[in-house]
Amino acid sequence: MKRIVAIYPGSFDPPTNGHLDLIERGANIFDELIVAILRNPEKHPLFSLAERKLMLESMTADFPNVRVETFDGLTVDYALTVKATAILRGIRAISDYEYELQMALMNRKMHPELETVFMMPAERYSYLSSRLVREVAQLGGSIQGLVPPMVEQRLKEKLDPAIKLRNARSPRTGKNASKYEKRTGKRK
Ligand code: PNS
């Protein structure tokens with residue numbers, strides 16, 4: 001039987017609960033889903049490629065048919081390299097549609113055999129974007145519930161290196177440590 005492999009390309013800087021929602025939906029309909037992080041040397045991402053890969057791997061650890069990779073060059077070329085026949089993209093609102101349509105049609109022009117599949121995240125994430133998460137976090141606002149707790153923690157560390165230093169120096173492992181600390185070696 002034919003196995004359908006799809007890629008879910010993006011910047012994921014940082015990955016959000018909206019991305020996770022879409023990954024879950026994609027994992028339910030495709031046999032294999034590759035979350036593909038674009039290596040873009042021109043952009044100056046907040047999180048390094050390795051950091052984004054680690055976060056996404058941790059977020060998707062419970063999905064046996066999902067894996068996380070990085071790529072550069074054209075998305076369509078990468079899709080062919082991994083034998084994918086579909087590109088998954090999320091559409092949150094009408095405002096996404098124009099850009100996504102342009103990309104999908106350009107990708108189709110280059111590789112007509114590849115199909116772009118659009119899915120909608122849950123309504124509660126329809127306003128959510130990595131850019132807004134970065135901005136709100138950088139300005140001290142709460143991003144609780146918008147990203148997984150581990151990403152929230154990484155953002156805090158990124159924006160306040162003192163927190164990272166404290167965690168590195170004194171991770172608790174004894175009976176006073178929370179489950180989170182035991183699992184991650186970090187204090188919340
Ligand atoms: O999460 P993003 O930033 O909206 O993802 C955009 C992404 C990575 C899917 C898009 O920029 C892309 O496909 N870049 C790779 C280069 C490419 O194929 N460009 C032509 C697109 S038609």
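All of the numbers you see were taken from the coordinates with simple rules; none came from a lab. Since this is a predicted model, take the numbers as computed values, not measurements. FYI the Cβ positions are ideal-geometry reconstructions off the backbone, even for glycines, and counts take in every protein chain you see.
Structure summary
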| quantity | calculated |
| --- | --- |
| At most 13 other Cβ within 10 Å, DSSP loop - GluC sites (Glu not before Pro), the stretch 1-65 | E42 |
| The chain: most fluctuating residue of Q153, Q138, Q102 per GNM, C-alpha cutoff 10 Å | Q102 |
| Nearest-20 debye value, the stretch 5-127 charge dipole, Cβ charges on Lys, Arg, Asp, Glu | 120 debye |
| Over 28 Å (Cα to Cα) - which of K43/K109; K83/K158; K83/K156 fall in this group | K83/K158; K83/K156 |
| At R0 = 22 Å, FRET efficiency that the Cβ-Cβ distance of N40 and L80 yields, to 0.05 | 0.65 |
| ³J(HN,Hα) computed for each position of the stretch 78-83 - Karplus, 6.51 cos²θ - 1.76 cosθ + 1.60, integer Hz, glycine/proline x | 4, 4, 5, 4, 9, 6 |
| Calculated FRET value between R67 and N28, using beta carbons and R₀ = 22 Å, to 0.05 | 0.90 |
| Global form of the stretch 5-127, assessed from the alpha-carbon gyration tensor, a/c cut-off 1.5 | rounded |
| The chain - percent relative contact order, Cα under 8 Å, separation 6 or more | 23 percent |
| V147 long-range amide H proximity, modeled H, under 5 Å | N17 |
| Selected from M55, M150, M103 as most flexible by GNM, with the chain as the system and alpha-carbon contacts under 10 Å | M103 |
